[in-house]
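Input: a single structure, listed below in structure tokens.
What follows draws every value from the coordinates through simple rules; no lab data is involved. The structure presented is a predicted model; accordingly, all values stated were derived computationally and were not measured. A quick note on method: Cβ atoms are made from the backbone with ideal geometry, for glycine too, and the neighbour counts reach across all protein chains shown.
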Amino acid sequence: MNEANQICGAERRVVALCGGVGGAKLAFGLQKVLGSKLHVVINMADDFEHLGLHVSPDLDTLLYTLGELNDRQRGWGRAGESWNFMEALGQIGGETWFALGDRDLALHVERTRRLANGESLTQIAADVAKHFGIAAHLWPVTDDPIRTIVITPEEELAFQRYFVARRCEPAVRAIRFDCAEKARLAKGVEDVLQPEGLRMIVICPSNPFLSIDPLLAVPGLREALRAAGAPVVAVSPLIAGQAVKGPTRKIMDELGIQATTATIAAHYQGLIDGLIVDAGDLPDGIGLDISVQAVPTLMTDDESKTRLAQDVLAFGDRLARKADEGR
Ligand code: GDP
């Protein structure tokens, strides 16, 4: 390995923890900078069985986004999608609350077939990523089932019933991750978190409660992050106390947690060495023993995604140097 590359970290891998659409924006920027040195560990607790098919919403968001196949206008799913299947299903009285485009359907059908043949989500994700020409490595956090349950005042809702069917309207009292205690960290995830050749770990600006917590609920992941010996940097999903999209702010209000960068930092306490907050969000008052860096974090186009990725990497490298100097 070239010594200059080794010093600036260009030859070493970066592991990003990621949920769906918000996290995928930063993963896209990181892939632009890092190519195959990027390893994305993905939340699988949004998965569900629907119409007899295994649907993996966060994994598929990553596959479409990193494969540049995603619909940027709609903000989810594939570009150039058609909806013949949904129309035909509605015509015969089938369940249409969860929209499955025709192209998207192909992925669910093929994944379900391969799972039934005994293949793992890890293998299937790697193959599809290859077919889509994705440079980064995509790692489902576990190959075992784990399911987010949202507890509302009236009832317990499976995640997609809350998120899609009920449009996040019910108040959230608590969130549970069923089967988490039995889920095993996927072998690939264990391997990429080994200290050798690891540059840093990035927690993408995904929803901390619905996207990152279910990852951390898989036994062994927290321990592996701590043992990795590399800086862990999180990016706040809040800008001026608001979520860019989705229910993060609403959930924080409902759970009685102030929507500030300080509470995001506190949520990841003991896990992160540094937090990136938006340039407009003064890092005062975080009050924890972590470094804070304020940079523009709103990702609206390829340039802003790549710029934030570069800022995150430079911050992580600075933290690593500081840690080395302190040794
Ligand atoms: P989901 O699983 O599809 O809901 O997506 P994620 O959990 O990965 O991301 C949702 C979070 O991403 C929300 O809390 C948003 O505030 C955050 N988010 C989306 N776009 C941006 C952005 O451009 N900048 C920052 N800082 N956060 C963002």
Taking the Cα-to-Cβ direction at GLU325 and at PHE98 and moving 7 Å from each Cα, how far apart do the two end points lie in nm? 5.0
Unit Cα scatterers, Debye sum, the chain: log10 I(q)/I(0) for q = 0.12 Å⁻¹: -0.82
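Return the percentage of antiparallel bridges among DSSP beta bridges fully within the chain, rounded to the nearest 5 %. Intermediate results must be reported in sequence, preceding the final value.
Details: 15 of 40 bridges.
Around 40 percent antiparallel, to the nearest 5.
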List the equivalent ellipsoid semi-axes of segment 64-113 in whole Å, largest first, each obtained as the square root of 5λ for an eigenvalue λ of the Cα gyration tensor. 21, 14, 8
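Given the rule -39500 (n - 2.57) for each run of at least 4 DSSP H residues, summed and divided by the residues of the chain, what is its mean residue ellipticity at 222 nm, to the nearest 500 deg cm²/dmol?
Details: 12 runs with 120 residues, N = 327.
It lands at -11000 deg cm²/dmol.
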Listed residue (PHE163, ALA186, GLY220) projecting farthest to the positive dipole end of segment 128-222, Cβ model: PHE163
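Note the full-extension length gain between GLU190 and ALA314 as 0.36 nm times their separation in residues minus their Cα-Cα distance, in nm to one decimal.
Numbers: separation 124, 0.36 × 124 = 44.64 nm, distance 2.49 nm.
Value of the extension gain: 42.1 nm.
List the pairs from LYS130/LYS305; LYS32/LYS245; LYS130/LYS182; LYS250/LYS322; LYS32/LYS187 whose alpha-carbon separation is above 28 Å, in the order I gave them. Show your work: numbers first, answer last.
Numbers: LYS130/LYS305 23 Å; LYS32/LYS245 23 Å; LYS130/LYS182 30 Å; LYS250/LYS322 37 Å; LYS32/LYS187 26 Å.
Checking Cα-Cα distances, LYS130/LYS182; LYS250/LYS322 exceed 28 Å.
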May I ask which residue of GLY133, ALA294, GLY316 lies farthest towards the positive end of the charge dipole of the chain, with charges of +1 (Lys, Arg) and -1 (Asp, Glu) on Cβ and the Cα centre as origin? GLY316
For CYS179, CYS18, ascending order of other Cβ atoms within 10 Å (fewest first) is CYS179, CYS18
Unit charges on C-beta of K, R, D, E only; dipole of the chain, Debye: 340
For segment 214-223, Karplus-derived ³J(HN,Hα) couplings (6.51, -1.76, 1.60; θ = phi - 60°; whole Hz; x for glycine and proline) come out as x, 5, 5, 6, 6, x, x, 5, 4, 4
So, with points 7 Å from each Cα along the Cβ direction, the GLN269-ASP302 label distance in nm works out to 4.3
Given charges of +1 on the Cβ of Lys and Arg and -1 on the Cβ of Asp and Glu, with all other atoms neutral, how large is the dipole of segment 1-158 about its Cα centre, in debye to the nearest 20? 760
